[in-house]
Amino acid sequence: MQKNDLVPLTITDITNEASGVGRYEGMAVFVPGAAVGDQLEVRIVKVLKSYAYGKIEQIVRPSSDRIEDGCGVSRKCGGCSLRHISYEAECRIKQNWVTEHFRRIGGLDPTILPILPSPSLCGYRNKAQYPIRRSPEGQVQIGFFAPRSHRVVENHFCDLQPRFFGEILELVQNFLETYHISIYDELSHQGLVRHLFLRWGEQTGQIMVCLVINGKDLPHADSLIQILTKAFPQIASIQLNCNTAKTNVILGPNCRVLYGSPVILDILCGVKVALSPLSFYQVNRSGAEKLYRIAADFAGLTGKELLLDLYCGAGTIGLSMAHLAREVIGVEIVKEAVENAKENARRGKIENARFFCDDAAGAARSLAAEGLRPDVVILDPPRKGCDRSLLETIGQMAPDRIVMISCNSATAARDTAILCQNGYQAVQLQAVDMFPRTAHVECVVSFVQTPGGASY
Ligand code: SAH
């Protein structure tokens, strides 16, 4: 097989990155945008030792999973890799991904519950982070990065965000053009405006607009405030986030309020939550309510328990369960999120919750050294999963139950295996789709102590 060859291919599987896979002359060929059952004519674009990459030249016979993808830029933009198949097929694939990650690691044998679909398939995101760059022709471009690239694909009205995000985006674009504001250039690390960050409190209607800048000040900021607040009186916060580092990380460490409040409010599982730009908040609010209900169910609280909420963000999970527990202790590494969590507890008059700003592993070690014994531990780590040392410390603390929530089932399966070596068994596993049309899926796992203790 050589580059540029045109080969017939039947798609038999789909990878975790949502590429279709077929075999040609014994070699696996990965094809983005393909669906299981597709009969294709594929142009080979890259050949490696034991596999190759191709792109669809022609769909000879479409898979029965295929639907109209309904987006003009989906093939160029890096966001939606599952738009071309039905949501039913998408859920089937996601259920399979999560199940396979746990099956591949031997000895984990939780009851696998059916995937919970997202309550809505479009407009579900409450946050967007749009890169802003100048095109070679000199125009201000706002959109999303193309896959594996930092080329901006202009997409003002992405179907995953509420429509008014696109209207705000266009107001910001006009402002940047009209006032000739300097735009960031990654190669030279020169120029000012890097990203537009939007967040929406779906239940309160409050909107946050934050411009990420490579500097301290935004020229003509007063005009921007006027333009935005006139068109959208629901804007409750306009901020600058200063990111002067040469990095792919979007937000820098400091925010400055230009207008309104440093936080916006939303309501999640009945708890009013204040959110700053730097605080993590689930992007699919109604999906998150479903997810946290399952977590609460798995936690099995009766009002007597000490609940340790590790990786707690703005405290949303612990606070939503505080009325069912004796006490909640939350640990989170981002200072602003911990401040939000404390404020959220005060606002909700929740008096049995405390929050600490610390690394989860370090905090757990100190709490264990003080002799703290939580009854239930919630783990909700970022994609890379938990530190092994944290999982070992939890084993020593010996809570009755553990609930793990994860946006990466591969690291969740790995961490589950470690907990299983430290005295626990995984009882139930459920995938929850919070990210329709994309290759992401959330999962929740419940654990109880293994009878007889740790099995090494
Ligand atoms: N439970 C929260 C947040 C989950 S996202 C919610 O549901 O909203 C994961 C969180 O872990 C983020 O807030 C991130 O800042 C935090 N985090 C990342 N590394 C951490 C660490 N080493 N120790 C504690 N928190 C960490």
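Stretching residue 66 away from residue 164 to a fully extended chain increases their span by 32.4 nm, per 0.36 nm per residue minus the current alpha-carbon distance. Estimated at 0.36 nm per residue, the fully extended path between residue 346 and residue 304 surpasses their Cα-Cα distance by 13.0 nm.
Ellipticity at 222 nm from helices only: DSSP H runs of n ≥ 4 in the chain, each -39500 (n - 2.57), divided by the residue count, give -7500 deg cm²/dmol. Among the listed pairs 272/342; 127/246; 46/94, a Cα-Cα separation exceeding 18 Å is found for 127/246; 46/94.
A Förster distance of 45 Å, applied to the separation of the beta-carbon atoms of residue 449 and residue 1, puts the FRET efficiency at 0.30. Charged neighbours of residue 348, selected by a Cβ distance under 13 Å, balance to +2 (K, R count +1; D, E count -1).
Count Lys and Arg as plus one, Asp and Glu as minus one, and take only other residues whose Cβ is under 14 Å from that of residue 419; the net charge is then -2. I want to make sure I understand the PRE zone here: with the label point 7 angstrom from the Cα of residue 135 toward its beta carbon, which residues in region 43-85 have backbone N atoms less than 18 Å away? Only 72-78 fall inside the zone, counting backbone N under 18 Å. Applying the Karplus relation 6.51 cos²θ - 1.76 cosθ + 1.60 with θ = phi - 60° to region 23-29 yields 3J(HN,Hα) values of 10, 10, 6, x, 9, 6, 10 Hz, where x marks Gly and Pro. A Förster distance of 22 Å, applied to the separation of the beta-carbon atoms of residue 267 and residue 383, puts the FRET efficiency at 0.25.
Projecting label points 7 angstrom from Cα along Cα→Cβ for residue 250 and residue 157 puts them 2.2 nm apart. Charging the Cβ of each Asp and Glu at -1 and of each Lys and Arg at +1, and nothing else, the dipole of the chain about its Cα centre rounds to 400 debye. Maximal additional length on extending the residue 96-residue 188 stretch stands at 28.8 nm, based on 0.36 nm per residue less the C-alpha distance. Distance between the pseudo-spin-label points of residue 217 and residue 25 (7 Å out from Cα toward the beta carbon): 6.5 nm.
Coordinate-derived values only; no laboratory data. Quick caveat: nothing in here was measured; it's all calculated off a predicted structure. Quick reminder, even Gly has a Cβ in these numbers, built from the backbone with ideal geometry, and neighbours come from all protein chains shown.
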